[in-house]
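Heads up: the structure comes next, in structure tokens.
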Amino acid sequence: MAVSESMQSRQKSGVREIPALRIGPDFFRAFCWIASVAVVVLIFWVVYQIAKVAWPAMQQFGFGFLNHSAWNPVIITASCRFCSARS
């Protein structure tokens with residue numbers, strides 16, 4: 001109650017209060033915004049890198065792995081560099 005009486009007396013006397021500096025909260029808000037944008041950009045970059053590396057395999061074997069549960073890595077063409085010489 002003493003605080004409100006003090007504020008009322010200042011308002012009546014015509015004394016203007018200087019607004020407090022908001023460096024801390026403004027900095028924290030800017031930091032959080034930049035961090036959230038960085039996380040979204042990082043997620044898109046990771047997805048792009050995975051797609052870039054996986055693209056040759058997807059072109060060769062197709063996108064069937066998305067909707068089928070069977071996977072047979074033995075059916076590989078002779079141009080595969082990881083295949084054994086006996087095939």
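The values are calculated or read from the model by the stated rules, or taken from the named source; none is laboratory data. Given the structure is predicted, the values throughout are model-derived calculations rather than measurements. We place every Cβ from the backbone using ideal geometry, glycine too, and count neighbours over all the protein chains shown.
Assorted remarks:
- Selection status of A38, at pLDDT below 80 and of a type outside the set (V, I, T): no
- The residue pairs whose first member lies in segment 53-77 and is surrounded by 10 or more Cβ atoms within 10 Å (Cβ to Cβ), whose second member is polar (S, T, N, Q) and modelled with pLDDT under 75, and whose beta carbons are closer than 9 Å, counting only pairs six or more residues apart or on different chains, are Q60/T77; I76/S87.
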